[in-house]
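S.K.: First the structure, which I've put down as structure tokens, then a few questions once you've had a look.
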Amino acid sequence: MALFSIADLHLSFTTEKPMDIYGGWWINHTETIRNNWLQNIGENDTVLIPGDISWALRLEDAKEDLSWLDALPGKKIAVKGNHDLWWSSISKLSKLSLDINFIQNNFFQYEDYAICGTRGWICPGDKDFTIHDEKIYKREVNRLMLSLNAAKSEGFRKFIAMLHFPPTNENMDKSGFTELLEEYGVEALVYGHLHNKEGFNKGIKGEVNGIKYYLTSCDAIECNPMKLL
């Protein structure tokens, strides 16, 4: 019952959004992901997916992408990414006949851990941070707290968290996200969103204040789901 993570699948089976144009690991990336997934992940394993699953704009258009993901082995737990515009209400998502669990102010269990999370947002101190971003940032910090509280109220004391965005600005300064992670004693956080070598260097990685941070965007891990813990 191993735990893995891969973010930024950027599937586009029904959308004209080919990733091959970016070169590198994005060339035929869905086939590479599938092959690596089948070689390493079994039905009893769990895969955390920190956002940007599909380029589709509507839930109806995302169903083929979600079905492709659903057909792969293992339990999947996902949070929304900034490009997941198809992501509808949690009630509509939960009605899909898929073995994919969607986090939105809730949590899911992996062994004796609670898997919590939210989309996240760019953090204060980022060069592009604006007043508009501050409102979204505060809302996302609150959603992470709601997810953690939901698990804590059910008696969980061990936590692993997911964000789509990195939990700090590019200077790795503390944020509302990192403060919550430390307050609740979260053991590990996985995130995505960052791409190419320059982007990879802007994300917090390794163990900081007792929390292990993992960047698992698809190209950062060469389309091969990362085994955690």
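The values are calculated or read from the model by the stated rules, or taken from the named source; none is laboratory data. Just so you know, these numbers come straight off a predicted model, no measurement behind them. Cβ: placed from backbone, ideal geometry, glycine included. Neighbour counts: every protein chain shown.
S.K.: How many residues does segment 67-82 hold that are free of Cβ contacts under 8 Å to residues at least 40 places away in the same chain and either among the polar types (S, T, N, Q) or within 13 Å of Leu96 (Cα to Cα) (or both)?
M.R.: 2
S.K.: Anything in segment 133-144 that is among the acidic types (Asp, Glu) and more than 17 Å from the chain's Cα centre (by Cα)? List them, or say none.
M.R.: Initial filter on segment 133-144 (among the acidic types (Asp, Glu)): 133-134, 140.
Result: Asp133, Glu134.
S.K.: Of everything in segment 141-200, what is aromatic (Phe, Trp, Tyr), out of contact with any Phe, Trp or Tyr (no Cβ under 7 Å at 6 or more places or on another chain) and more than 14 Å from Cys123 (Cα to Cα)? Give them in sequence order. It would help to see each step written out before you state the result.
M.R.: Taking segment 141-200 first, the residues aromatic (Phe, Trp, Tyr) are 156, 159, 165, 177, 184, 191, 200.
This time we only want the ones that are out of contact with any Phe, Trp or Tyr (no Cβ under 7 Å at 6 or more places or on another chain), so: 156, 177, 200.
Hits for segment 141-200 are Phe156, Phe200.
S.K.: A further question follows. What are the residues in segment 85-99 that are surrounded by fewer than 19 Cβ atoms within 10 Å (Cβ to Cβ) and either closer than 20 Å to Thr46 by Cα or at pLDDT 95 or above (or both), if any? Step through it out loud before you land on a result.
M.R.: Step one: of segment 85-99, the residues surrounded by fewer than 19 Cβ atoms within 10 Å (Cβ to Cβ) are 85, 88-92, 94-99.
Matches in segment 85-99: Leu85, Ser94, Leu96, Ser97, Leu98, Asp99.
S.K.: Do we have any residue at all in segment 26-37 that's modelled with pLDDT of 95 or more, of a type in the set (Ser, Thr, Tyr) and surrounded by 13 or more Cβ atoms within 10 Å (Cβ to Cβ)?
M.R.: yes
S.K.: Would a scan of segment 40-54 turn up a residue that is surrounded by 17 or more Cβ atoms within 10 Å (Cβ to Cβ), modelled with pLDDT under 95, under 21 Å from Gly81 (Cα atoms) and within 20 Å of the chain's Cα centre (by Cα)?
M.R.: no
S.K.: Follow-up. Examine segment 132-144 for a residue that is touching a Gly at 6+ places or on another chain (Cβ under 8 Å), of a type in the set (A, V, I, L, M), at pLDDT 95 or above and farther than 22 Å from Lys75 by Cα, and state whether such a residue exists. Working first, answer last.
M.R.: Narrowing segment 132-144 to residues touching a Gly at 6+ places or on another chain (Cβ under 8 Å): 137-138, 140-141, 144.
This time we only want the ones that are of a type in the set (A, V, I, L, M), so: 141, 144.
Going one step further and asking which of them are at pLDDT 95 or above, we end up with 141, 144.
Adding the requirement that they be farther than 22 Å from Lys75 by Cα leaves 141.
Yes, segment 132-144 contains at least one residue that is touching a Gly at 6+ places or on another chain (Cβ under 8 Å), of a type in the set (A, V, I, L, M), at pLDDT 95 or above and farther than 22 Å from Lys75 by Cα.
S.K.: How many of the residues in segment 128-144 are of a type in the set (S, T, N, Q) and either in a helix (DSSP H, G or I) or within 18 Å of Lys202 (Cα to Cα) (or both)? Full working, then the answer.
M.R.: To start, the set of residues in segment 128-144 that are of a type in the set (S, T, N, Q) comprises 130, 142.
Cutting the leftovers down to either in a helix (DSSP H, G or I) or within 18 Å of Lys202 (Cα to Cα) (or both) gives us 142.
So the count comes out to 1.
S.K.: Turning to a different aspect of this structure: Among the listed residues Leu57, Leu85, Leu48, Leu93, identify the single one that is in a helix (DSSP H, G or I), within 25 Å of Glu140 (Cβ to Cβ) and either aliphatic (A, V, I, L, M) or without any contact (Cβ under 8 Å) to a residue 12 or more places away in the chain (or both).
M.R.: Result: Leu93 is the single residue among Leu57, Leu85, Leu48, Leu93 that is in a helix (DSSP H, G or I), within 25 Å of Glu140 (Cβ to Cβ) and either aliphatic (A, V, I, L, M) or without any contact (Cβ under 8 Å) to a residue 12 or more places away in the chain (or both).
S.K.: Right, another one. Within segment 132-188, can you find the residues that are touching a residue at least 24 places away in the same chain (Cβ under 8 Å) and of a type in the set (Ser, Thr, Tyr)?
M.R.: Those that are touching a residue at least 24 places away in the same chain (Cβ under 8 Å) and of a type in the set (Ser, Thr, Tyr): Tyr137, Ser147, Thr168, Ser175, Thr178, Tyr184.
S.K.: I would also like to ask the following. Please go through segment 103-120 and pick out each residue that is surrounded by fewer than 23 Cβ atoms within 10 Å (Cβ to Cβ) and in a loop (DSSP other than H, G, I, E, B).
M.R.: Applying the first criterion (surrounded by fewer than 23 Cβ atoms within 10 Å (Cβ to Cβ)) to segment 103-120 yields 104-106, 108-113.
Answer for segment 103-120, where residues must be surrounded by fewer than 23 Cβ atoms within 10 Å (Cβ to Cβ) and in a loop (DSSP other than H, G, I, E, B): Gln104, Asn105, Asn106, Glu111, Asp112.
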